[in-house]
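Colleague: Got a structure for you, questions after.
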Amino acid sequence: MGFFAAISEAWSEIRVNRTRVVLSLVGVFLAVFAMTTITAVGNMARQMVGETTERSSGRPATLRVDAYSNGTNSADGVQTVETALREAATRHEVSWWGLASYQYGGGGQLTVRFPAGTQLVTATTVDPSYGTMHRVITSEGRWFSAGDDDAFSPRLVVNQAFADQLGGFDPANPLTVVLGGDTPVTATVVGISSSASYDATTPGAYVLNADAQRWNLLGDPANSSPPGLELWVPNADADALVSALQTEVQASLPGYSVSVQRQDAGDELNILDTILAYGVRGVGIFALLLGGIGVLNVGLVTVRQRIREIGVRRSFGATGSRVFFAVLFESVAATFVAGFLAVMLSIILISNFPLQSVLPAGVTLEDVPPFPLEAAVEGLVAATAVGALAGLVPATMAVRAKVIDAIRY
């Protein structure tokens with residue numbers, strides 16, 4: 001009962017001196033609010049940077065295998081390379097993999113017969129899995145599906161500039177466009193994605209590897225490199241797979257130079273996380289220390305004003321520990337409440353913030369991270385710890401005061 005009685009007395013004193021206590025806790029409240037809010041915003045910023053990187057380089061860990069002919073490229077050579085790469089991915093039982101040319105035109109150029117005239121359009125050749133591995137977002141329509149390989153016409157995912165030259169995209173009436181020179185074929189546009197080109201004003205397109213080969217959409221293979229193999233694997237397996245793939249693919253492709261590398265951001269994002277975490281915590285700790293000084297000053301003033309009351313209580317038998325914890329809990333309870341209110345306000349603000357309305361044009365956040373639980377816990381613990389540290393000096397002063405001197409004060 002002594003413990004709960006000390007808490008009750010502490011809360012009563014807080015209510016009596018509530019104006020002074022509230023003013024002293026402004027610093028703690030703002031520090032905890034800033035620390036938790038910045039941590040949550042930092043998580044969003046990290047996710048945004050990560051998604052942007054993943055759209056170009058792939059998710060962690062993405063490995064890329066390329067094979068370059070030591071002679072001249074040919075249609076048979078491209079087929080040989082693709083077969084070897086697909087066999088390597090199947091042999092290692094990788095869940096997510098696919099063939100893809102280097103992004104933004106690495107696959108070659110499509111001859112597109114726009115209404116305004118024929119134009120060469122840079123194309124990236126991919127497999128359907130590319131959309132998931134690179135977080136491709138379609139603003140209209142859809143990404144490629146597994147069934148598109150067997151369609152009766154090539155499928156395209158294009159950028160807005162490409163669609164605009166065809167009169168705009170209408171899901172109810174799919175766009176069609178004629179591709180090729182001497183042997184033209186009619187292709188169907190199934191979706192629009194800004195990822196199809198670096199330059200938003202220049203037409204760009206994704207085309208399936210199977211379609212590019214079946215209809216010879218990219219012309220002479222000697223003018224372009226065969227697509228590479230991309231594999232999305234666990235981080236723990238990345239280094240071992242790089243070594244194994246280098247040996248196996250090179251052995252299966254004599255006359256080719258094989259390159260295996262990890263192409264996602266990897267450690268760079270981990271460095272960003274570390275800098276962000278320590279930076280936010282450093283600012284938060286500094287702000288909390290300033291708030292703690294305010295709580296300490298109020299605690300010292302309060303004890304001096306209550307010194308006669310403390311002396312009377314000691315003369316009636318109150319123990320030193322009872323007085324010590326009563327004064328200490330005043331500070332702890334006040335800062336805990338301030339921290340709790342700050343965390344609640346931060347959660348409400350972050351959960352209801354209209355993020356998409358403030359993001360720059362072209363920047364998206366596909367997977368918005370939830371409010372970080374560790375930030376809320378850290379805020380409450382930090383606020384309580386600051387209250388305990390700020391309450392030690394006033395509590396010690398109250399205990400060390402001699403009873404007779406305190407009564408005469």
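Colleague: Using the Karplus curve 6.51 cos²θ - 1.76 cosθ + 1.60 with θ = phi - 60°, what ³J(HN,Hα) values do you get for each residue of segment 329-334, in whole Hz, with x for Gly and Pro?
Modeller: 5, 4, 5, 5, 4, 5
Colleague: Quick one: ranking 38, 350 by accessible area, 1.4 Å probe, largest first, what do you get?
Modeller: The ordering from most to least exposed comes out as 38, 350.
Colleague: Mind listing the phi-derived Karplus ³J(HN,Hα) values for segment 143-160, rounded to whole Hz, using 6.51, -1.76 and 1.60 with θ = phi - 60°, and x for any glycine or proline?
Modeller: 8, 5, 10, 4, x, 5, 4, 9, 5, 7, 8, x, 10, 10, 10, 10, 8, 5
Colleague: Ignoring solvent entirely, what values of log10 I(q)/I(0) come out of the Debye formula for segment 171-267 at 0.10, 0.12, 0.13, 0.22 Å⁻¹ when each Cα is a single scatterer?
Modeller: Calculated log10 I(q)/I(0) at the listed q: -0.47, -0.65, -0.74, -1.20.
Colleague: Follow-up. Taking θ as phi - 60°, what are the ³J(HN,Hα) couplings along segment 31-37 by the Karplus curve (6.51, -1.76, 1.60), each to the nearest whole Hz, with x for Gly and Pro?
Modeller: So the Karplus estimates, Gly and Pro as x, are 5, 5, 4, 5, 5, 6, 5 Hz.
Colleague: Note down the Stokes-Einstein diffusion coefficient of segment 127-211 in µm²/s, whole number, using a Kirkwood radius over alpha carbon pairs, 25 °C, and 0.890 mPa s.
Modeller: Translational D for this selection: 189 µm²/s.
Colleague: Further question on the same structure: Could you please put 83, 176, 183 in sequence from largest to smallest accessible area, using a 1.4 Å probe?
Modeller: 183, 176, 83
Colleague: On to the next question. Between residue 98 and residues 5 or more places away or on another chain, which pairs have amide H atoms under 5 Å apart, with H built 1.01 Å from N, and which residues are they?
Modeller: Result for residue 98 returns 230.
Colleague: Rolling a 1.4 angstrom probe over the protein chains, ignoring ligands and nucleic acids, what is the accessible area of residue 215 in square angstrom, nearest 10?
Modeller: Approximately 60 Å² of residue 215 is accessible to the 1.4 Å probe.
Colleague: Let me cross-check residue 134: its accessible surface, 1.4 Å probe, with only protein heavy atoms counted, in Å² to the nearest 10?
Modeller: Surface accessible to solvent at residue 134 totals approximately 0 Å².
The values are calculated or read from the model by the stated rules, or taken from the named source; none is laboratory data. Note that the coordinates shown come from a computational prediction; the quantities given were computed from them, not determined experimentally. For the accessible areas, the whole protein counts, side chains as well, though only heavy atoms, and no ligand, DNA or RNA atoms are used. Shrake-Rupley method; radii C 1.70, N 1.55, O 1.52, S 1.80 Å.
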